[in-house]
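Trainee: A single structure is presented below for examination.
The values are calculated or read from the model by the stated rules, or taken from the named source; none is laboratory data. Keep in mind that what you see is a predicted model, and the values were worked out from it rather than measured. Using ideal geometry, Cβ is built from the backbone for each residue, glycine included, and neighbour counts are taken over all protein chains shown. Keep in mind that these areas ignore ligands, DNA and RNA; they rest on the heavy atoms of the full protein, side chains included. Shrake-Rupley method; radii C 1.70, N 1.55, O 1.52, S 1.80 Å.
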Amino acid sequence: MALDSKTLAATALHRFGFGPRAGSIASVAADPRGAMLAELDRPGAGRIADSDLLTTGEAARAAFDFRQERKAGRLALRAESEAKQAEAKKVADAAMTAGKSEMAQAEIKQMDGAPAATMQAATAKANPGPGIPQQIYLEEAKARFDSALNAEIGLVDRLTWFWSNHFCVSADKGQVRPLCGAYEREAIRANVLGKFSDMLLAVESHPAMLLYLDNARSIGPNSIAGQRRGKGINENLAREILELHTLGVHGGYSQEDVTNFAKVITGWTFSPLKQDPQHGGEFAFNDRMHEPGAQVVLGRSYNEGGYEQGRAVLLMLASHSATAKHIATKLVRHFIADDPPPALVDRLAKRFLDTGGDLKEVTKSLVSAPESWDAPRSKLKRPAEWIMSSMRASGMMISDVRRVINTLNLLGEPLWRPPAPKGFPDESAAWLDGLTQRLDIANEIARRVGGMTDPETVADDALGPLASAETRQTLGRAESRQQALALLLMSPEFQRR
């Protein structure tokens with residue numbers, strides 16, 4: 001049975017965006033498909049225009065300077081403590097020599113306490129709040145969430161989140177934390193509607209990825225640096241590019257391909273932060289670390305060409321049929337169904353190949369496909385998607401981004417902290433166990449804004465015709481506005497897309 005325009009509009013806003021805001025369903029009801037496609041063509045779609053956010057190099061250098069200052073502070077405190085202890089010992093020795101044991105004991109006691117007190121006072125003064133790396137992380141998180149909350153529909157932001165998870169890095173790995181936001185803005189957002197090959201090259205050459213998967217220190221054994229240091233290659237990045245980023249686990253590559261590809265991308269690193277105060281932390285190709293000679297990857301020989309050798313392999317992978325199938329499958333699984341319809345996957349893969357990996361055209365094919373609209377609303381929203389939907393529906397804004405981050409930690413999807421290079425799972429089953437925690441969060445949102453909202457109005461704005469008679473009856477029986485709002489946010493229609 002054909003769905004009416006308002007039902008299609010509400011479905012589209014939940015499936016392709018972050019859920020409706022007040023008036024959203026009515027604004028796209030005349031042409032839901034056209035509204036989704038129009039967002040893809042909107043100039044600057046998904047971009048974050050905030051001049052206060054740091055570039056990758058600026059973030060890396062700011063974090064490095066902070067660590068150096070903190071290290072210098074620790075060394076100064078240690079030196080002061082050691083000087084105090086030496087002075088105490090000197091006084092004690094002099095007193096004992098003079099036979100003044102009582103005075104010695106008093107002075108020793110007084111001076112022994114001084115270093116500890118000095119250390120505590122200095123530590124409190126040196127740590128007035130989050131350090132620079134965490135401050136950068138929080139500012140980027142706020143910008144990311146604000147973009148999702150303020151989007152008319154949110155399709156481009158959803159695509160950004162999808163690709164950021166596909167090409168994931170982790171803030172849990174030391175120097176990566178202050179780079180996560182810049183990485184997503186520069187490598188993902190900037191290319192989310194462009195060519196897959198451009199995104200792939202931007203991602204794999206970004207310092208955040210090179211740090212996360214240990215390529216920044218990968219050295220060719222026959223390179224100048226390798227012969228001097230006796231160190232070898234690290235295969236992590238090469239393996240994940242083949243297995244996760246492009247071909248897929250069944251993409252037809254071998255261990256030899258992994259090893260040879262790892263040799264190809266030796267020397268892909270970043271400028272040293274200590275030696276290069278102007279460009280430290282930015283991508284650099286270090287020829288002294290690069291394994292010399294031709295390499296064979298997937299049966300094709302790539303002549304020695306330094307950086308261009310690695311670029312050539314990435315371009316080949318970006319246009320490979322296995323990559324097209326892998327990407328198409330993941331896109332359909334994320335947006336439409338845990339078991340992607342094979343016909344839709346094949347059409348998207350063909351579109352990928354026919355357009356040279358044009359991601360806007362592939363997305364348009366996804367949005368235009370009948371299967372994308374006919375599929376049951378069975379996909380459980382991931383925690384971050386549900387949080388954004390809940391805030392958009394209730395009108396709640398971000399007063400302290402740390403609350404959102406802590407909420408995502410509780411729900412099992414910590415921001416930019418995936419459990420492995422594979423990223424967070426897209427299958428609904430992976431998130432079912434967290435529904436109990438979602439109830440706690442729904443109650444908290446309702447406690448904050450429930451008294452200022454009319455649950456029936458929110459239901460009309462957030463679900464419209466998707467709200468079942470049972471859900472509306474449940475809201476009507478609620479004991480308070482707060483309880484009704486919490487029940488709405490936990491309803492099956494709101495939880496799924």
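Trainee: For residue 87 and residue 67 in the same chain, what is the full-extension length gain: residue separation times 0.36 nm, less their Cα-Cα distance, in nm?
Mentor: Values: separation 20, 0.36 × 20 = 7.20 nm, distance 3.01 nm.
That pair, residue 87 and residue 67, stretches by 4.2 nm at full extension.
Trainee: To continue, here is another question. What's the Cα-based Rg to Rh of region 439-497, Rh via Kirkwood?
Mentor: Values: Rg = 10.2 Å, Rh = 11.1 Å.
That ratio is 0.92, to two decimals.
Trainee: Still on this structure, I have one more. Given a Förster distance of 25 Å, report the FRET efficiency between residue 343 and residue 249 from their Cβ-Cβ distance, rounded to the nearest 0.05. Please report the intermediate quantities before stating the final value.
Mentor: Working: r = 23 Å, r/R0 = 0.90.
The value I calculate is 0.65.
Trainee: I've got another one for you. Evaluate the distance, in nm, between pseudo-label points positioned 7 Å from the Cα of residue 287 and of residue 454 along their respective Cα→Cβ axes.
Mentor: 7.2 nm
Trainee: Okay, next question. How large is log10 I(q)/I(0) at q = 0.10, 0.12, 0.16, 0.20 Å⁻¹ when the Debye formula is applied to the Cα atoms of region 283-379, each weighted equally and without solvent?
Mentor: -0.40, -0.52, -0.72, -0.90
Trainee: I've got another one for you. So, with a 1.4 angstrom probe, what is the percent of accessible area on region 316-442 that is carbon and sulfur? Spell out each step's value before the answer.
Mentor: Values: 2670 of 4960 Å².
Of the solvent-accessible surface of region 316-442, carbon and sulfur hold 54 percent.
Trainee: Match the structure shown to one of the listed values (i) 47, 37, 17; (ii) 42, 26, 21; (iii) 37, 25, 22 of semi-axes √(5λ) of the Cα gyration tensor in Å, computed from it, and give that label.
Mentor: For semi-axes √(5λ) of the Cα gyration tensor in Å, the calculated option is (i).
Trainee: In nm, what is the difference between 0.36 nm times the number of residues separating residue 41 and residue 432 and their Cα-Cα distance? Can you show the working numbers first?
Mentor: Details: separation 391, 0.36 × 391 = 140.76 nm, distance 3.52 nm.
Result for the pair: 137.2 nm of gain on full extension.
Trainee: Amide H to amide H under 5 Å from residue 297: which residues, 5+ apart in sequence or cross-chain, H placed 1.01 Å off N in plane?
Mentor: 302
Trainee: Compute the label zone of residue 50 within region 359-402: residues whose backbone N is under 13 Å from the point 7 Å along Cα-to-Cβ.
Mentor: Inside the label zone: 398-402.
Trainee: When the chain is fully extended, how far beyond the present Cα-Cα distance does residue 480 get from residue 259, taking 0.36 nm per residue of separation?
Mentor: Numbers: separation 221, 0.36 × 221 = 79.56 nm, distance 6.26 nm.
The residue 480-residue 259 span can extend by a further 73.3 nm.
Trainee: Could I ask something else about it? Express in whole angstrom the spacing between the alpha-carbon centres of region 392-458 and region 465-487.
Mentor: 19 Å
Trainee: State in Å² the accessible area per residue of the chain; use a 1.4 Å probe, count heavy atoms of protein chains only, and round to the nearest integer. The partial results should precede the final answer.
Mentor: Values: 22360 Å² over 497 residues.
I get 45 Å² per residue for this part.
Trainee: Tell me which lysines have Cα within less than 18 Å of residue 89's Cα, excluding those fewer than 8 residues away on the same chain?
Mentor: 100, 109
Trainee: Treat every Asp and Glu Cβ in the chain as -1 and every Lys and Arg Cβ as +1, leave all other atoms uncharged, and give the resulting dipole magnitude about the Cα centre to the nearest 20 debye. Intermediate results must be reported in sequence, preceding the final value.
Mentor: Working: 61 positive and 61 negative charges, 122 e Å.
So the magnitude is around 580 debye.
Trainee: Turning to a different aspect of this structure: Return the long-range amide H neighbours of residue 284 (sequence gap of 5 or more, or a different chain), with a cut-off of under 5 Å between placed amide H atoms.
Mentor: When sequence neighbours closer than 5 places are left aside, the close amide H contacts are 269, 270, 271.
Trainee: Okay, next question. Need the C-alpha centroid separation for region 247-269 versus region 289-318, integer Å.
Mentor: When both Cα centres are located, 10 Å separates them.
Trainee: Here is a follow-up. Could you sort the peptides 171-177, 66-72 by per-residue average Cβ neighbour count (10 Å cutoff), highest mean leading?
Mentor: Details: 171-177: 18.3, 66-72: 13.1.
The packing order, highest mean first, is 171-177, 66-72.
Trainee: Which FRET efficiency value, to the nearest 0.05, is calculated for residue 74 and residue 195 with the Förster distance at 35 angstrom and r the Cβ-Cβ distance? Don't skip to the answer; put the middle values down first.
Mentor: On the way: r = 47 Å, r/R0 = 1.34.
In this case the efficiency is close to 0.15.
Trainee: Residue 231: which aspartates and glutamates have alpha carbons under 19 Å from its alpha carbon, excluding same-chain residues fewer than 8 sequence positions away?
Mentor: 214, 287, 291
Trainee: Related question: If packing is taken as the mean number of other Cβ atoms within 10 Å per residue, what is the order of 192-199, 14-21, highest first? Please report the intermediate quantities before stating the final value.
Mentor: Numbers: 192-199: 19.9, 14-21: 25.5.
So the peptides 192-199, 14-21, ranked by packing, come out 14-21, 192-199.
Trainee: Output wanted: per-residue J couplings in Hz (rounded whole) for region 397-410, from phi through Karplus 6.51 cos²θ - 1.76 cosθ + 1.60, θ = phi - 60°, x for Gly and Pro.
Mentor: Once θ is set to phi - 60°, the couplings for region 397-410 become 10, 8, 9, 9, 4, 5, 5, 5, 4, 5, 5, 5, 4, 5 Hz.
Trainee: Right, another one. Mind checking the dipole of region 299-397: about its Cα centre, +1 per Lys or Arg Cβ, -1 per Asp or Glu Cβ, Debye to the nearest 20?
Mentor: Working: 15 positive and 11 negative charges, 55 e Å.
Once rounded to the nearest 20, the dipole reads 260 debye.
Trainee: Which of the lysines could a cross-linker span from residue 325 if the Cα-Cα distance has to be under 22 Å and same-chain partners fewer than 8 positions apart are dropped?
Mentor: Once the sequence-local lysines are set aside, what remains near residue 325 is 195, 350, 360, 364, 379, 422.
Trainee: Additional query: What are the ³J(HN,Hα) couplings of region 222-235, residue after residue, when phi is run through the Karplus curve with 6.51, -1.76, 1.60 and θ = phi - 60°? Round to Hz, x for glycine and proline.
Mentor: Listing the rounded values in order: 9, 6, 4, 5, x, 5, 7, 9, x, 9, x, 7, 10, 8 Hz.
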